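Notes for the one structure printed next.
The numbers here are math on the coordinates, done by the rules we state, and not lab data. All of these numbers come straight from a predicted model, not from anything done at the bench. When we count neighbours, we look across all protein chains shown, and the Cβ atoms used for this are built from the backbone with ideal geometry, even at glycine.
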Amino acid sequence: MSDTRLRDEICTLARSLYERGYTHGSTGNISARTESGGLLVSPTGTSFGRLDPARLSHFDADGVLVDGDKPTKEMPLHMAFYDTRGTRAGAVVHLHSHYSVALSMLPETDPNDALPPVTPYSLMKLGRVKILPYFQPGDKAMGDAIRDLDGQRSAVILANHGPVVTAGSVENAVYAMEELEETARLVFTLHGRPHHQLTPVQIARLVETFDIDL
Ligand SMILES: [Zn+2]
């Protein structure tokens with residue numbers, strides 16, 4: 001995909017997330033690999049509702065900022081995924097989305113497997129979602145916590161803060177993020193009510209059929 005198209009796609013999908021309430025104010029940041037191995041990143045202090053394709057922070061393949069505005073302060077989250085997941089990481093999205101953040105605060109949430117197996121798509125798009133500890137904003141240890149996962153996870157939630165998801169393309173990273181937030185919302189809808197989850201046999205079939213890395 002050309003850089004021009006990629007810039008437009010980043011801004012269009014970010015605006016769509018904002019307009020549907022997946023993130024608010026100036027929260028959320030997004031990045032994507034360019035064809036030449038560089039990165040396009042949403043600038044610091046910007047709203048997902050009003051990203052300007054021409055002002056995205058543009059890094060070359062050596063990590064040098066070549067044009068655009070200053071990047072998001074949460075760059076360490078993005079770089080941790082690019083550095084540990086290689087070519088599997090084509091884009092990274094981070095939001096402060098309501099239900100995912102709420103899920104990270106519940107003491108009963110399993111930090112190694114935050115989403116119960118309620119639908120096949122959350123497993124297919126996210127694998128197992130890891131809850132990472134709370135970090136003060138700006139603490140570079142956030143990125144270190146993702147690096148410590150050695151590229152084994154594509155979706156994490158920073159406790160009391162928000163989810164970070166990676167996929168091969170911007171479109172797929174956004175779809176995966178939406179799946180995470182909607183599944184977290186289902187968990188709250190079902191909370192305290194008896195309900196059926198996928199059985200171990202159903203999960204095993206999904207893992208085999210769709211080659212899911214759990
Ligand atoms: Zn954040």
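Computed quantities for the displayed model
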| item | result |
| --- | --- |
| In Hz, Karplus ³J(HN,Hα) per residue of region 14-22 (6.51, -1.76, 1.60; θ = phi - 60°; x = Gly, Pro) | 4, 4, 4, 4, 5, 5, 8, x, 6 |
| Assigned charges on the beta-carbon of Lys, Arg, Asp, Glu; the chain dipole about Cα centre (debye) | 360 |
| Note, ³J(HN,Hα) from phi for region 52-59, Karplus 6.51, -1.76, 1.60, rounded to Hz, x at Gly and Pro | 9, x, 6, 10, 4, 5, 10, 9 |
| Residue-wise HN-Hα coupling along region 72-78, computed from phi with Karplus coefficients 6.51, -1.76, 1.60 (Hz; x: Gly, Pro) | 3, 5, 8, 3, x, 5, 5 |
| Inter-centroid distance (Cα atoms) of region 176-214 relative to region 49-92, Å | 30 |
| Gain in span if fully extended, TYR121 to THR4, counting 0.36 nm per residue against the direct Cα distance | 39.0 nm |
| Sequence ranges 103-115, 148-160, 184-196, ranked by mean other-Cβ count within 10 angstrom, highest first | 148-160, 103-115, 184-196 |
| Counted charge near SER97, where neighbours are those whose Cβ lies closer than 14 Å (Asp, Glu -1; Lys, Arg +1) | -3 |
| Net charge contributed by nearby residues that have their C-beta within less than 11 Å of ILE157 (K/R +1, D/E -1) | +1 |
| Gyration tensor (alpha-carbon) shape descriptor, region 125-195, a/c threshold 1.5 | oblate |
| SER36 versus GLN202: modelled label distance in nm, points set 7 Å from Cα along the beta carbon direction | 4.9 |
